[in-house]
Amino acid sequence: MIMHIDGNSFYAACERVFRPDLYHSPIAVLSNNDGIIIALNAECKNLGFKRGDVFYQVKHSLEKNRVQIFSSNYTLYADMSARMNLIYNRFASEVEAYSIDESFLFFPSWNNADYTEIGHNIKTAVTKETGIPVSIGIAPNKTLAKMCNSLAKKRAGLCNWQELNQDEELKHYSAGDVWGVGPSKAAFLKKHGITTAFALKHYPPDKAKKHMTITGYRTVQELNGKQVIDRIEDTPHQVVSVSRSFQTAVYELDDIITALSEYTQEAVKRIRSENLSCRYITVYLMTNAYAGGEQYFNQMSAEVSSPSAYLPEITAVANELLKKIYRPNYKYRKVMIALTGLTNETHPQLDLFDDHRNIVKLNEPLMKTFDKINDRYGRGTIKLACGLTGNKPADNKTDPWLLKRDYLSPRYTTKIEEIPLIY
């Protein structure tokens, strides 16, 4: 048996855990640079706001309706997610963290197990220990568990497939809402008269495989009660890229180098976490296409002599690429780094005549120490010096390339200085 557990309005719920005064208040969470609404709770949805609303266009209306606004606090959300998965692991032999707010729990096929009671116990434990409300769907496979989770949101937060009139539920469930059926497949099915999950269940398997690929074929099988979608194994990335829009226009090369160095460190951290190395480094630089004035966009790539995950080397190459494509007097809005040609060549043969490559490999223990310190004390605890000229603005304003997060809440669970005070 499989349980699918989903944190209800997860980002908003995380913000409300440490703000009990907002228990019945509408909450909206914004994207990076406070651009659009990416999450909102039921109270906010009932006011007519929706995901994807452009913040500056609805800001006045949000304030008028007393909606509590938060910048996305991914440090807090990730930590709360990890705490929830720790609880799940107390109950289930296997747990797959599907996303930051969703997990699949795998249980043996016990003959006399009361899975509904187990679900209630998990739901109670999560709410008591984290304050996050969850919905739980219970079914023999992932597709039906996801469907039951959707049904659970209107049924006190828990739904067990075995306790339903199954065909009746499928007749009232849209085929387009079935897990694995995207917009294009939903349009195809509708064109052929298949609008419900019940009709999709009876779609001939050979046609499903031909017209909906192997994913659609598996979906049809799972709607018939079979378990064919296994745990999703992590697969190495083909490309890792990091970019963010600056909160204001940036003119100076030094500021852009600082931003690029930060992004490069994040990109290298990601490939190192998968024991990967990169062969190609690409840097992109661009102005704001939606702003007035002259526009500029450029990119440049370089190949390293052999696959590398050595931060100083990759940073040096990226900075040199940036210097070559930078042009003065433009209002830059974004810089991006992309690492490609990824390989799991973690133990390449050293070259007797390549002193630089040998130094890189011999410094691997240094990089591991670097990673451990940042993992333990937080991202950016230590970082590479950027070689800046030191021409900082005299008014001590925030670096213009940093993310705009005017409504950021404290990192309650991961930063000792930001632990809430009780009087």
Any idea which of Leu285, Leu253, Leu260 is farther than 24 Å from Gly35 by Cβ, of a type in the set (A, V, I, L, M) and outside the structural domain of Ser31 (by TED's automatic domain parsing)?
Leu253
Meets criteria (crowded, with 18+ Cβ neighbours inside 10 Å, within 30 Å of Tyr330 (Cβ to Cβ) and in contact with a Cys (Cβ under 7 Å, 6 or more places away or on another chain)) for Ile257
yes
Report yes if Ser277 is in contact (Cβ under 8 Å) with a residue 12 or more places away in the chain, under 26 Å from Glu102 (Cβ atoms) and polar (S, T, N, Q), otherwise no.
no
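Considering only strands (runs of 3 or more DSSP E) fully contained in the stretch 1-67, which possess at least 2 residues that are more than 27 Å from Asn89 (Cβ to Cβ) and in the same structural domain as Ser93 (by TED's automatic domain parsing)?
Ranges flagged: 27-30, 37-40.
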Would you be able to say whether some residue in the stretch 275-282 is small (Gly, Ala, Ser), more than 28 Å from Asn329 (Cβ to Cβ), assigned by TED's automatic domain parsing to the domain that holds Ala338 and in contact with an Asp or Glu (Cβ under 6 Å, 6 or more places away or on another chain)?
yes
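Within the group Glu94, Glu102, which residue is assigned by TED's automatic domain parsing to the domain that holds Ala13, over 21 Å from the mean Cα position of the chain (by Cα) and modelled with pLDDT under 95? Before the answer, list the steps.
Working: Glu102 fails: over 21 Å from the mean Cα position of the chain (by Cα).
Only one candidate passes the filter, namely Glu94.
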Taking the stretch 86-96, which residues are loosely packed, with under 15 Cβ neighbours inside 10 Å and touching a strand residue (DSSP E or B) at 6+ places or on another chain (Cβ under 7 Å)?
Asn89, Ser93, Glu94
Would you point out the residue of the stretch 154-193, among those that are within 23 Å of Phe107 (Cβ to Cβ) and of a type in the set (Gly, Ala, Ser), that is surrounded by the fewest Cβ atoms within 10 Å (Cβ to Cβ)?
Ala156
Exactly one of Cys14, Cys44 is in contact with a Leu (Cβ under 6 Å, 6 or more places away or on another chain) and surrounded by 20 or more Cβ atoms within 10 Å (Cβ to Cβ), and that one is Cys14
Can you tell me which residues in the stretch 203-226 are out of contact with any Leu (no Cβ under 9 Å at 6 or more places or on another chain) and assigned to a loop (DSSP other than H, G, I, E, B)?
Pro204, Asn224, Lys226
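Given the criterion modelled with pLDDT under 95 and touching a Cys at 6+ places or on another chain (Cβ under 9 Å), identify the matching residue among Leu200, Leu164, Leu189.
None of the other options fit; the residue is Leu164.
The values are calculated or read from the model by the stated rules, or taken from the named source; none is laboratory data. Everything numeric here is computed off the predicted structure, so don't read it as measured data. Glycine gets a Cβ as well: all are built from the backbone with ideal geometry, and neighbour counts include every protein chain shown.
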